Amino acid sequence: METLMDVRNLSVTYGRGAGAMQAVRNVSFTLGRERLGIVGESGSGKSTIGRALLKLLPTATITADRMDFMGTDLIRASERRMLDIRGARISMILQDPKFSLNPVQRVGDQIAEAYAVHHRGARREAREKALEMLEAVQIRDPERVYRLYPHEISGGMGQRVMIAMMLVPEPEVIIADEPTSALDVTVRMKVLGILDALVRERGIGLIMISHDLNLVRNFCDRVLIMYAGQVVEALPAGELAHARHDYTRGLIAAQPHIGGDRAPLAVLRREESWKRPLAEVQA
Amino acid sequence: MTAVAMHPPLPSRLAGLRSAADYLGTIVRHLAGNASSLFGLVVISVLIVLAVFAPLIATQDPYLQNLQDVLQPPSWAHFFGTDEVGRDVFSRIVYGSRITLTIIALVAVIVGPIGLAVGTLAGYFGGWFDTVLMRITDIFLSFPSLILSLAFVAALGAGLENAIVAIALTSWPPIARLARAETLTLRGTDYVAAAKLQGASSARIIWKQIVPMCMPSVLVRLTLSMATVILTAAGLGFLGLGAQPPLPEWGAMIAIGRRYMLESWWLVAFPGGAILAVSLAFNLIGDGLRDALDPKQRRGRH
């Protein structure tokens, strides 16, 4: 499979000296034209990875041996170069559409603006693209929705607008940071369906950041499991049942399932040893 | 779809114009709905009408001296009486509205963009840049504005243009502070993060995301500070540092009338009343605008 991103030993550090806090430690992964899931509990560094890939962590130090994106090494790319990549080639869907849409701009204009950022001076075209995108994310009557303000649309519609906004420059990689957490279950399926179609039809690489193991298991091709800033295990989604790391096993054991016995669920254990750098663990 | 037929797609620019007119209409209706801001609205409208149609409304040439008719009390021939060289006070006040309006418009046009630019840049970039800009702002704020504008006019030389420059130089800091405070809360919002994720440059984010959000509070603050601007301009005129004598500036009229005040009260009372009415009107309209534009800060209305 063609590789879109190849990340080696990515670390993100907040602060420096003795008070330094490593939020992400030596994370390596590759991304092809597939759905890659990153799961972990809150604070495990999964969202930080997403932002580190776009170098949008102004207060942190990002280091990596390599952060290759289709021939460009992001870790060494200038800010000017990053401006061209952000949005146009790698974009990110944020968690809650209520906060990620500007409340005083019409949603259509916001989508058109996303297009205009990378295509100077084509207002008419931007508007048409925006309408086209609204249709692509299955919004009925895009002409009407184009003129609405964010408070006039529902959460699910907002998230689809957000996806349209991030898709309009036609990126090759999309990082979805818990795109469905703020949505109810029925809308969630719709949004996932749209993301799924993007991977299959347009050949986009999707990084799905989530804390919902079941969702990732059913939706993604491969899964990275994170704990305390490290990837403790990486495996195909179908093989989660045969996970080897104790943490992954603990996570799976703690999931209730329909038709299972009624014995109390296992309590997730967290062991100090998992926090040690992985190289050491393996050695 | 049927809904498309209900909302025929207008060319976007026309739709934008229409919605801007709608928006303005909403604000005016809001202002008219409250007695005190309605008063403000009426006074400012009268001021604008006076300034635009001054030659039609004034009964005489404001510079025409008539030494036969010196210090006449108000009468049908001279509504507000005549001054020490026989000029018609009413006509002078009518023409004076042009000067007042010029001062207000120019100060607003200079102060708004400067304050907005300094505030949003400082707030958005933060760090040492913010520190430097805000300390400069603090220096300006630490002087009383009238004293500072006096100093500037004294340095630049007396005259209407210099008075406008001096007033503008002293009234941008509060706007800058306000814009910075707004920017600080805005720069952490998710939609600014979303704009960054789209690859928007800092300039684009400030212009497209932050400035529009700062506009309402800056406009309110600007309107409220217009009252101070009028008073400062009149004060400078009164001290002889603003508009120079033949010009019918209200403050300057009071300064000259002061000498004859005991016998000829109309020389001081009418320009004074005009200054009072206009500055009060701006204050009231500013309060009304705050209610209309910034519902979060709406104060209890009776």
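The values are calculated or read from the model by the stated rules, or taken from the named source; none is laboratory data. The model shown is predicted, which means the values in this text are computed figures rather than measured ones. Glycine also receives a Cβ, built like all others from the backbone with ideal geometry; neighbour counts cover every protein chain displayed.
Miscellaneous remarks
- Hits in region A:1-44 - residues which are under 23 Å from residue A:58 (Cα atoms), touching a Phe, Trp or Tyr at 6+ places or on another chain (Cβ under 7 Å) and surrounded by 13 or more Cβ atoms within 10 Å (Cβ to Cβ): A:5, A:7, A:23, A:44
- Pick from region A:81-111, criterion among the aliphatic types (A, V, I, L, M) and more than 27 Å from residue A:4 (Cα to Cα), ranking: farthest from the other protein chains (Cβ to nearest Cβ): A:107
- Under the condition of being in contact (Cβ under 8 Å) with a residue 60 or more places away in the chain, surrounded by fewer than 16 Cβ atoms within 10 Å (Cβ to Cβ) and within 30 Å of residue B:247 (Cβ to Cβ), the residues counted in region B:112-157 number 1.
- In region A:88-107, of all residues being closer than 18 Å to residue B:210 by Cα and part of a helix (DSSP H, G or I), the one that is modelled with the highest pLDDT corresponds to A:107.
- Counting the residues of region B:260-282 that are in contact (Cβ under 8 Å) with a residue 40 or more places away in the chain and surrounded by 18 or more Cβ atoms within 10 Å (Cβ to Cβ) gives 11.
- The selection criterion, being more than 30 Å from residue B:154 (Cα to Cα) and modelled with pLDDT of 90 or more, does not hold for residue B:165.
- Test: residue in region B:213-229 that is surrounded by fewer than 20 Cβ atoms within 10 Å (Cβ to Cβ), touching a residue at least 12 places away in the same chain (Cβ under 8 Å) and either under 16 Å from residue A:99 (Cβ atoms) or over 25 Å from the mean Cα position of the chain (by Cα) (or both): no
- Only helices (runs of 4 or more DSSP H) whose full extent lies in region A:108-187 are considered here, and the ones with at least 2 residues that are in contact (Cβ under 8 Å) with a residue 12 or more places away in the chain and in contact with a strand residue (DSSP E or B) (Cβ under 8 Å, 6 or more places away or on another chain) are A:155-167.
- Test result for residue A:243, over 23 Å from residue A:5 (Cβ atoms) and crowded, with 16+ Cβ neighbours inside 10 Å: yes
- Test: residue in region A:167-187 that is among the charged types (D, E, K, R), on the phi > 0 side of the Ramachandran plot and surrounded by 18 or more Cβ atoms within 10 Å (Cβ to Cβ): yes
- Matching residues in region A:212-235 - criterion: being within 23 Å of residue A:188 (Cβ to Cβ) and in a strand (DSSP E or B): A:222, A:223, A:224, A:225, A:226
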